[in-house]
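Notes to accompany the following structure.
Only the coordinates and a few stated rules stand behind these numbers; no lab work does. The structure presented is a predicted model; accordingly, all values stated were derived computationally and were not measured. Neighbour counts are summed over all protein chains in view; Cβ atoms, including those assigned to glycine, are modelled from backbone coordinates with ideal geometry.
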Amino acid sequence: MRITGAAKVAGVVGWPVAHSLSPLIHNAWIEALGLDAAYVPFAVPPERFESFVEACRFVLVGLNVTLPHKQRALELAAGWTAAVYAQAANLLTFDEGEVSADNTDAEGLLAAFAEQAAEWRADVGPVVVIGAGGAARAAVGALSDAGAPEVRVVARRKEAATELAEMNWCDMPVRSYGFDNLSSALSGATAVINATSAGLNGAGELPDMAAAPPETVFMDMIYSPLRTAFLEAARVRGHSTVDGLAMLIGQARPSFLAFFGVEPPSAEVVDVRALCLRALGERG
Ligand code: NDP
């Protein structure tokens, strides 16, 4: 790796951040392209987030933002794009001190489907999103952009699903369901997306999804473990599946372009998925 005094520096800010795979992904791309650049993790507690961004905005080219700072990041920006949908930003870019926010999770989600379930089309039928947090909002935004005819949001707190459904989704009908009405939500679904933290590191469980039609594609945003109980149960029932690592790499690509002004190299040049699987202790 070549780093001079003129290097472009970006990073990821979270609390905690030690688990983040973003430094591994971005630095592998930087190295493969021979850029004069670096990507660094920053562990910053919530009460210091604002002063941290203030200090960085004239120094770094940008930051990826992870929990718990995603909402505050949006509030600190002077301008934003897709981040509005999600009401949360996972990307801040700095241009001579001007802070812009974006959310590349939506792009990452669609890239993951394109990579692992290429036959699936968003515009063919209803899609079920489980959860009502920032990632669920990004998923509904992605599906709206991709022309989904209907999205059904299912959450353990029905009122959270209803709140999400009542946001402005540009004429796309979004209906809300509680877990007690899951089988109606699953009826005719072309895909079911887990956007909750249930299953993260094996903790928490979602209800049984056996009522989904056989052709439904199952996607889990969680990538640790890679094969969550949610995806494994779907696989055993014969469904196609899409994993959260494909989404993580999919959301990193537009971030890299925003930071360094060049597209990251292809998987043939550097296989960041293999690097991540090794770091996660997974076999792939
Ligand atoms: P939030 O905290 O904003 O939302 C979490 C959601 O999960 C809430 O709706 C919460 O419900 C629900 N939830 C938590 N535990 C359970 C449970 N046991 N059963 C049912 N629902 C549950 O988090 P995010 O939306 O930002 O992230 C959600 C998940 O997506 C995380 O695991 C995150 O790591 C992952 N993610 C992955 C990405 C990727 O690139 N692969 C990108 C972004 C997110 P309640 O409000 O009732 O607590």
By the Cα gyration tensor axes a ≥ b ≥ c (a/c under 1.5 gives rounded; else a/b larger than b/c gives prolate, otherwise oblate), the shape of region 137-284 is oblate
What is region 70-174 by shape, rounded, prolate or oblate, if you read a ≥ b ≥ c off the alpha carbon gyration tensor as root eigenvalues and call it rounded for a/c under 1.5, prolate for a/b larger than b/c, and oblate otherwise?
oblate
For the chain, the longest principal axis of the Cα atoms and the Cα long axis of helix 22-33 enclose an angle in degrees, to the nearest 10, of 60 degrees
Counting other beta carbons within 10 Å of each Cβ, put S100, S187 in order, fewest first.
S187, S100
Starting with the fewest neighbours, write out D208, D271 ranked by other beta-carbon atoms found within 10 Å of each beta-carbon.
D208, D271
At 20 °C in a medium of viscosity 1.002 mPa s, the chain has a Stokes-Einstein diffusion coefficient, with Rh taken as the Kirkwood radius over alpha carbon pairs, in µm² per second, of 111 µm²/s
Note: A7 to L257 extended length (0.36 nm per residue) minus current alpha-carbon separation gives 88.4 nm
With r as the distance between the Cβ atoms of R237 and S184 and R0 = 22 Å, compute the FRET efficiency 1/(1 + (r/R0)^6) and round to 0.05.
0.70
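From the alpha carbon gyration tensor of region 38-78, can you work out the equivalent ellipsoid semi-axes (sqrt of 5 times each eigenvalue) and give them in Å, largest to smallest?
Ellipsoid half-lengths, sorted descending, are 15, 12, 10 Å.
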If you average 1/r over all unlike Cα pairs in region 1-118 and invert the result, what Kirkwood radius do you get in angstrom?
14.8 Å
Taking Cα atoms, how many degrees apart are the long axis of helix 134-145 and the longest axis of the chain, rounded to 10 and kept between 0 and 90?
80 degrees
Can you bin region 1-41 into rounded, prolate or oblate? Criterion: square roots of the alpha carbon gyration tensor eigenvalues sorted a ≥ b ≥ c, rounded for a/c under 1.5, prolate for a/b above b/c, oblate for the rest.
oblate
What net charge do the residues around V272 carry, taking every other residue with its C-beta under 12 Å from that of V272, with Lys and Arg at +1 and Asp and Glu at -1?
0
Where GluC sites (Glu not before Pro) fall in DSSP loop in region 79-122, at most 16 other Cβ within 10 Å:
E96, E119
